[in-house]
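For reference, the structure is listed below as structure tokens.
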Amino acid sequence: MAKDMKEKAARIAANKDRRPKAVARYIRISPYKVRVVLDIIRGKDLRSAVAILENTPKSASEPIKKVLLSAAANAENNLGMSRDNLFVAACYADQGPTLKRVMPRAQGRAFRILKRTSHITVVLDAKA
């Protein structure tokens with residue numbers, strides 16, 4: 001039994017994605033708003049993606065830029081890649097836990113407010 005588990009762990013480690021990535025979790029912005037900005041930078045090289053994020057007037061562009069630069073730093077420091085030939089291979093925003101709040105309404109009623117959070121992931125890769 002233990003031998004099978006060790007073999008399975010070895011297979012998972014061998015097939016693990018070797019591309020540099022960074023994840024920002026529990027960001028207090030809706031994933032729907034984040035995905036709009038991520039669609040703009042997907043497939044772009046690193047320099048143009050950073051330039052696009054600096055000039056995009058969306059609130060999601062600031063945390064995405066931080067995650068993108070973190071992934072670039074991971075590529076440079078951990079994997080020895082050059083920043084010049086990196087591009088955004090994959091980027092996505094998953095929904096995190098939702099904070100539930102209450103808004104008082106007329107006649108003693110209470111309406112629910114959903115404050116959504118996001119998990120932002122950026123995966124970089126080197127140009128061939």
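The values are calculated or read from the model by the stated rules, or taken from the named source; none is laboratory data. Note that the coordinates shown come from a computational prediction; the quantities given were computed from them, not determined experimentally. With ideal geometry, Cβ positions are generated from the backbone for all residues, glycine too; neighbour counts draw on all protein chains shown.
Kindly evaluate Tyr26 against the criterion of being of a type in the set (Ser, Thr, Tyr), closer than 11 Å to Asp94 by Cα and part of a helix (DSSP H, G or I). So Tyr26 does not fit the description; no. Looking at the stretch 39-61, is at least one residue under 21 Å from Ala128 (Cβ atoms), more than 18 Å from the chain's Cα centre (by Cα), outside any helix (DSSP H, G or I) and not aromatic (Phe, Trp, Tyr)? No: zero hits. Quick one: is Met81 farther than 17 Å from Val23 by Cβ and not in a strand (DSSP E or B)? Judged against the criteria, Met81 is a match. Within the stretch 1-28, the set of residues being among the β-branched types (Val, Ile, Thr) and out of contact with any Ser or Thr (no Cβ under 6 Å at 6 or more places or on another chain) comprises just one member, Ile12. If the requirement is being out of contact with any Lys or Arg (no Cβ under 9 Å at 6 or more places or on another chain), more than 20 Å from Ile27 (Cα to Cα) and either touching a residue at least 40 places away in the same chain (Cβ under 8 Å) or among the aliphatic types (A, V, I, L, M) (or both), which of these qualifies: Ala75, Ala106? None of the other options fit; the residue is Ala106.
If you go through the stretch 77-87 one residue at a time, do you hit one that is crowded, with 17+ Cβ neighbours inside 10 Å, of a type in the set (Phe, Trp, Tyr) and under 19 Å from the mean Cα position of the chain (by Cα)? Outline the logic, then answer.
From the stretch 77-87, those crowded, with 17+ Cβ neighbours inside 10 Å are 81, 86-87; that's our starting set.
Those left that are additionally of a type in the set (Phe, Trp, Tyr): 87.
Next cut, under 19 Å from the mean Cα position of the chain (by Cα) only: 87.
For the stretch 77-87, residues crowded, with 17+ Cβ neighbours inside 10 Å, of a type in the set (Phe, Trp, Tyr) and under 19 Å from the mean Cα position of the chain (by Cα): present.
Scan Gly80, Gly43 and give me the residue that is on the phi > 0 side of the Ramachandran plot and out of contact with any strand residue (DSSP E or B) (no Cβ under 9 Å at 6 or more places or on another chain). Steps first, answer last, please.
Values: Gly43 fails: out of contact with any strand residue (DSSP E or B) (no Cβ under 9 Å at 6 or more places or on another chain).
Selected residue: Gly80, the only one of Gly80, Gly43 that is on the phi > 0 side of the Ramachandran plot and out of contact with any strand residue (DSSP E or B) (no Cβ under 9 Å at 6 or more places or on another chain).
For the stretch 13-34, does any single residue satisfy the condition of being free of Cβ contacts under 8 Å to residues at least 12 places away in the same chain and within 21 Å of Ala128 (Cα to Cα)? Yes, that holds for at least one residue.
Can we say Lys65 is of a type in the set (D, E, K, R), surrounded by 13 or more Cβ atoms within 10 Å (Cβ to Cβ) and out of contact with any strand residue (DSSP E or B) (no Cβ under 9 Å at 6 or more places or on another chain)? Walk me through how you get there before you give the answer.
Working: of a type in the set (D, E, K, R): yes; surrounded by 13 or more Cβ atoms within 10 Å (Cβ to Cβ): yes; out of contact with any strand residue (DSSP E or B) (no Cβ under 9 Å at 6 or more places or on another chain): yes.
Here the answer is yes, as Lys65 does meet what is asked.
Would it be correct to say that Met103 is modelled with pLDDT under 95 and either closer than 27 Å to Ile40 by Cβ or in a strand (DSSP E or B) (or both)? Taking the combined requirement at face value, the residue does not satisfy it.
Candidates in the stretch 1-42 are the residues that are surrounded by 12 or more Cβ atoms within 10 Å (Cβ to Cβ) and farther than 30 Å from Leu114 by Cβ; of these, the one that is modelled with the highest pLDDT is Pro20.
Of the listed requirements (1) polar (S, T, N, Q); (2) under 18 Å from Asp125 (Cβ atoms); (3) in contact with a Lys or Arg (Cβ under 6 Å, 6 or more places away or on another chain); (4) without any contact (Cβ under 8 Å) to a residue 40 or more places away in the chain, Ser48 misses just one: (3).
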